[in-house]
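The values are calculated or read from the model by the stated rules, or taken from the named source; none is laboratory data. None of the values given here were measured: they were computed from a predicted structure. For neighbour counting, all protein chains shown are included, and Cβ atoms are generated from backbone atoms with ideal geometry for every residue, glycine included. For the accessible areas, the whole protein counts, side chains as well, though only heavy atoms, and no ligand, DNA or RNA atoms are used. Shrake-Rupley method; radii C 1.70, N 1.55, O 1.52, S 1.80 Å.
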Amino acid sequence: MTTPNGNPGRESWWTRLGTLGQTLTALIGLLAALIPILAKTGLPGQDGDVTKTDAIVTTAPYVPPRTSPPTSPPTSPPTSPNPPPTRTTTPPEQPRPINLTVSDQLTEGALEEVIVISLEGTRVATLHATSAQPVVSRRVTATKPGNYSYVVDAAMTVYDEIGDVQVIEATGRGSVMIDEGTRLDVYVHQEPNGLSLSLQSAAP
């Protein structure tokens, strides 16, 4: 291109330079306007973009721990001026003991004999009959009337066929009814294998 002053292309270059300067000036002004806004809001992806939630802290008023109330000692109930009469229980009446008699008569031909009598397993009497005292008796006490088991043991001194002194032992057992005032007599029985004893009730 040829300019009016005769210098070809000169006018076009300044014209272009002026246009570029205007464009740069506009860009600088735009950046100057955007920088405060970006500085205030922050760029995307920066920490300023993260939405922060404020933590809510609630405080409760202080309540002291509960303590159990002090226990008071038990109080005894008031006594009435006229307390009810107390009942006294009487123990059951114990059965009264009963009295009986045991008796032995010296066996014929014996010089003497010793009789031991036991009732319900307990020795109650020992009878010693001799030729000088052929009948002996003893008083015995029992707990109550009823049927009692007995054991009778005897040791008798006798003369044998040639006149020598011999001691013969015998025993017997059974049961007998006993009541107040009963008398029990000792009886000797001849058995094929020897002597046996029994205790029998007799009239008082």
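Please work out which residue is farthest from residue 155 (Cα to Cα), limiting yourself to the stretch 108-123 and to residues that are among the β-branched types (Val, Ile, Thr) and surrounded by fewer than 19 Cβ atoms within 10 Å (Cβ to Cβ).
122
Pull up the stretch 171-204, narrow it to residues that are without any contact (Cβ under 8 Å) to a residue 24 or more places away in the chain and not polar (S, T, N, Q), then point me to the one that is surrounded by the most Cβ atoms within 10 Å (Cβ to Cβ).
187
For residue 129, state whether it is open to solvent by less than 30 Å² (accessible area, probe 1.4 Å), in a strand (DSSP E or B) and of a type in the set (Gly, Ala, Ser).
Taking the combined requirement at face value, the residue satisfies it.
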